[in-house]
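Okay, structure first, notes after.
Just so you know, all these numbers are worked out from the coordinates, no wet-lab data involved. Note that the coordinates shown come from a computational prediction; the quantities given were computed from them, not determined experimentally. Glycine also receives a Cβ, built like all others from the backbone with ideal geometry; neighbour counts cover every protein chain displayed.
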Amino acid sequence: MPTFDYDLFVIGGGSGGVRAGRVAASLGKRVAIAEEYRFGGTCVIRGCVPKKLFVYASQYHEHFEDAAGYGWTVGESQFDWKALVAAKDREITRLEGLYRRGLENAGAEIIESRAELAGPNSVRIVKTGQIVTAERIVIAVGGGPNPHASLPGYELCISSNEAFHLESLPRSILIAGGGYIAVEFANIFHGLGVDTTLIYRGKEILSRFDHDMRQGLHEAMEAKGIRIICQDVITKVEKMAAGGLHAETKNSGTLAVDTVMLALGRDPHTVGLGLETAGVKLNERGAIIVDEYSRTNVPNIFALGDVTDRVQLTPVAIHEAMCFIETEYKNNPTSPDHDLIATAVFSQPEIGTVGLSEEEAAKRYPEIEVYRAQFRPMKATLSGRAEKMIMKLVVNSADRKVLGAHVLGHDAGEMAQLLGITLKAGCTKDDFDRTMAVHPTAAEELVTMYNPSYRIRNGERV
Ligand code: NDP
């Protein structure tokens, strides 16, 4: 006779939670999964997926312009924001349905309510007040935009959450932040015709990326007409009587815009979750502390995905969920591998990257070789678009291992996925050299950069 109501109770129906719940249920475990909003989590409902759909939408005006160089005459075009939002919402609803059906088909019980920990093996279903017990509990509640509550007027600003549901497209927007969300949305809004300014506190956008990617993207965005202000922050936001907002900045005066969007990182959703009741420890950022098997300090309570603030990426949460399943239900202890995670920034142009930036590699290795190519992609020849691709390989001179691969340009995200495999496999530059090019592609450049552009020895470029 089981002593618990469930073998597994999952709190949070996002990428990590759904994967853990669905697979555990398909293994015959008695699983319940609670979600207070919509199944699919940040990625499906208000993150990666709707963002990418908006990216596509925002690229059409350049496609229309480029068409002329290829002999096409495109008639007058206009954009309908409401039609885009409605189409996006239909797709999100379809995907949400798939997530739910996957859980149901596997035999998991879906609970449409917030759930909070009531003890080390018990959970309170907030909607009904019922307390249920479970042998194991997985917390996968994700995170939300940092509201930046110390900023006077922060409540007048939007985050990426609201950006997906704006009643109408603003005429102008000021976006604060220099990370993934800020640069992606700056390009989306600009592409849709919004007068766009990005303000970032650091010297150059995308602080953790390779410097060529950062500078290359900065230049490309400015060339399109996006205003980028670095080394500055918003100090106050006020509503104007005539409509719109005034954003005071530290160094750039007051900017008058329709909308201010804050993209200043994301915080784990741990407040009010009953973690103190159950004795689960948090770090100073409010994220749940876990070991290499996603175990919290309380036996049988686990945490996955953004709520643990390891690497805030959907595939990482899914991978952590699969490792949990292997470890707990397949008797095969598996810890998530967070090394060499390929990633893409869906800016315009895109960035695809895996491994160490030149700066990071130069710090860790006595000598590195940098292979760098900057060129005009073939499509831009007839379209006449002034754009450049940058490709870069960072190689350890001692053993020729490729430490980092970075691409700025069309389809960089697609390339990053495949480069991720080569770096994970430990390929050397010689492996790249032995690989036949696929012609004519932009990616062939990655296997035809035979001589290093420069070396860095003991931190000095030689
Ligand atoms: P990021 O961590 O990428 O960027 C946060 C930005 O906000 C940084 O530029 C940071 O500056 C700045 N910042 C933080 N606090 C302050 C402050 N108090 N004042 C001024 N600036 C501040 O977070 P995002 O919100 O853009 O995205 C959250 C996460 O979601 C990302 O880390 C990423 O993992 C994930 N994501 C992934 C995407 C993808 O895979 N394509 C797309 C969108 C999100 P500084 O750099 O100086 O610290």
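Modelled this way, with points 7 Å down the Cα-to-C-beta line, the labels at Asn105 and Asn300 are 3.2 nm from one another.
Count Lys and Arg as plus one, Asp and Glu as minus one, and take only other residues whose Cβ is under 11 Å from that of Arg22; the net charge is then +3. Determine the shape class of segment 187-261: with a ≥ b ≥ c the square roots of the Cα gyration tensor eigenvalues, call it rounded for a/c under 1.5, and otherwise prolate if a/b is greater than b/c, oblate otherwise. Because a/c hits 1.5 or more and a/b fails to exceed b/c, segment 187-261 counts as oblate. Here the calculated FRET efficiency for Asp195 and Gln59, from their Cβ-Cβ distance with R0 = 25 Å, stands at 0.85, rounded to the nearest 0.05.
Annotated for segment 348-462: lysine pairs at least 8 residues apart or interchain, Cα distance under 19 Å, count 8.
Taking every C-alpha pair closer than 8 Å and separated by at least 6 residues, the mean separation divided by the residue count of segment 345-446 gives a relative contact order of 31 percent. For chymotrypsin sites (Phe, Trp or Tyr not before Pro), the sites in segment 407-462 that DSSP calls loop and that have at most 10 other Cβ atoms within 10 Å are Tyr450. Available extension along the chain between Arg434 and Ala223 is 72.3 nm, counting 0.36 nm per residue and deducting the alpha carbon span.
Once both labels are positioned 7 Å from their Cα atoms along Cα-to-Cβ, the gap between Leu98 and Lys281 label points is 4.0 nm. The label point for Ser397 and the one for Glu360, both projected 7 Å from the Cα toward the Cβ, are 2.2 nm apart. Distances over 40 Å make up what percent of all Cα-Cα pairs in the chain? Percent of Cα pairs beyond 40 Å in the chain: 27. The Cα-based radius of gyration of segment 225-315, divided by its Kirkwood radius, gives an Rg/Rh of 1.19.
Where only DSSP H runs of four or more residues are counted, the chain gives -9500 deg cm²/dmol as its mean residue ellipticity at 222 nm, each run worth -39500 (n - 2.57).
As a calculated quantity, the FRET efficiency between Lys330 and His165 at R0 = 35 Å, using C-beta atoms, amounts to about 0.30. For segment 70-186, the equivalent ellipsoid derived from the Cα gyration tensor has semi-axes of 39, 24, 13 Å, listed largest first.
Evaluated on segment 318-462, the Kirkwood hydrodynamic radius is 16.5 Å, with distances taken between all distinct Cα atoms. The share of alpha-carbon pairs in segment 110-168 lying farther apart than 19 Å comes to 54%.
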